[in-house]
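K.L.:
This is the structure I have questions about; it appears just below.
Just so it is clear, none of the values below were taken in a lab; they were calculated from the coordinates. In this text the structure is predicted, and so the values were computed from the model without any measurement. Don't worry about glycine lacking a Cβ; one is built from the backbone with ideal geometry, like all the others, and counts go over all protein chains shown.
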Amino acid sequence: MRLLCDEMLARLGRWLRAAGYDTEIATGGASDRALTAHSAGDGRLLLTRDRHLAEFAAARIVPVLHLTENNVEAQARRSRQALGVDWQHDPFTRCLVDNTPLDPAPQGAAALVPMKSRPAAGPLRVCPNCGRLYWPGGHVRRMRGRLSSFNA
């Protein structure tokens, strides 16, 4: 499933990336025409909180899900209900910053992990685009717990 979140759903978009979904997040100020063209041209389902954008997309036969919920937990549950989003799909396999699929980290990358996290380090992954290193530390464990709660 390939997704495009409008700027109002940027937070949900990052959680979708954390769950392993190919999710782009629109830049601020993009027009309705540009968003629907990008969504259609790239084969992405458009997620939006904007009623006018949802109507504009639907009129152009662009797949769209209009989310009216105000908080990310409710949006996550609604996307699970409407789209079958599995929040445990393939966690932490995409960069949360730029959506790039992560690669295994090169040998020696463990030295970059904070000392207190090293005993738990592994598997290490790195974003080939921005260089961000991902390891299963406390932050990732907390995020996995939250992703699991979205499936409830």
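K.L.:
Which of the following values of semi-axes √(5λ) of the Cα gyration tensor in Å was calculated from the structure shown: [x] 31, 17, 11; [y] 77, 13, 12; [z] 84, 12, 7?
P.N.:
Label [x] holds the value from this structure.
K.L.:
Give me the distance in nm between label points sitting 7 Å out from Cα along the Cα-to-Cβ direction at Asp86 and Arg146, one decimal.
P.N.:
Taking the simple label geometry, Asp86 and Arg146 are separated by 2.3 nm.
K.L.:
Also, quick follow-up: Hey, with R₀ at 41 Å, roughly what FRET efficiency would Asn71 and Gln107 work out to, going by the Cβ-Cβ distance, to 0.05?
P.N.:
Once the sixth-power term is evaluated, E becomes 0.50.
K.L.:
In whole Å, what three semi-axes, largest first, describe the equivalent ellipsoid of region 37-113 built from its Cα gyration tensor (square root of 5 times each eigenvalue)?
P.N.:
32, 16, 11
K.L.:
Taking a point 7 angstrom from the Cα of Met8 along the C-beta vector, which residues in region 68-98 have backbone N less than 14 Å away?
P.N.:
Those under the cut-off are 68-72, 75.
K.L.:
Taking the Cα centre of the chain as origin, work out the dipole magnitude from +1 charges on Lys and Arg Cβ and -1 charges on Asp and Glu Cβ, in debye rounded to 20.
P.N.:
600
K.L.:
Here is a follow-up. Need the full-extension length gain, Arg51 to Asn129, defined as separation in residues times 0.36 nm minus the C-alpha distance. One decimal, nm.
P.N.:
Gain on stretching Arg51 to Asn129: 24.7 nm.
K.L.:
Go through 9-20, 98-109 and give me the packing order, highest mean Cβ count within 10 Å leading.
P.N.:
9-20, 98-109
K.L.:
Non-local amide H neighbours of Leu47 (under 5 Å, H modeled in plane, Pro and chain starts lacking H): which ones?
P.N.:
Leu4, Cys5, Asp6, Leu65
K.L.:
Of the peptides 81-92, 45-56, how do they stack up when ordered by the mean number of other Cβ atoms within 10 Å, highest first?
P.N.:
45-56, 81-92
K.L.:
A follow-up question, please. Counting each DSSP H run of 4 or more residues in the chain as -39500 (n - 2.57), what helix-only mean residue ellipticity at 222 nm follows after dividing by all residues, to the nearest 500 deg cm²/dmol?
P.N.:
That calculation yields -10500 deg cm²/dmol at 222 nm.
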